Amino acid sequence: MKFAAAILPHDPKILARYQQIKDLRAENRITLPTKLALEREINLFLRTQDADLQKALGTNVASSPLWQTFADLREKKDRY
């Protein structure tokens with residue numbers, strides 16, 4: 001969630017889940033399992049078609065295939 005919040009720091013769903021996770025961990029509670037619907041909202045690797053994500057990564061989707069967003073995201077995650 002730290003990575004997702006670093007890439008999209010103004011995304012309300014990411015920020016809300018990040019805070020929820022921090023709160024749960026502070027209480028020594030588990031954060032899993034989760035639901036696929038939630039993952040689709042907060043997992044950047046499942047949101048590669050998202051215009052805000054593409055903009056944040058600097059991916060030019062007009063001249064690049066959609067998989068390029070995933071590749072750009074993976075590269076950033078590897079260096080995070």
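Bear in mind that the values in this text are calculations on the coordinates, not laboratory data. Every value quoted in this text rests on a predicted model; they were computed, and no experiment measured them.
A few points about this structure:
- In the chain, lysine pairs with alpha-carbon atoms under 21 angstrom apart (chain gap of 8 or more, or interchain): 15
- Per residue, the convex hull volume that the Cα atoms of the chain enclose (Å³): 94
- Contour minus Cα-Cα distance for N43 and L66 (0.36 nm per residue): 6.6 nm
- A full extension of the chain between R29 and D50 corresponds to an added length of 4.4 nm, given 0.36 nm per residue minus the alpha carbon distance.
- Rounded tilt (10° steps) of 67-79 against the dominant C-alpha axis of the chain: 50
- With respect to the chain, whose longest principal axis is taken over its alpha-carbon atoms, helix 12-26 is tilted by about 40°.
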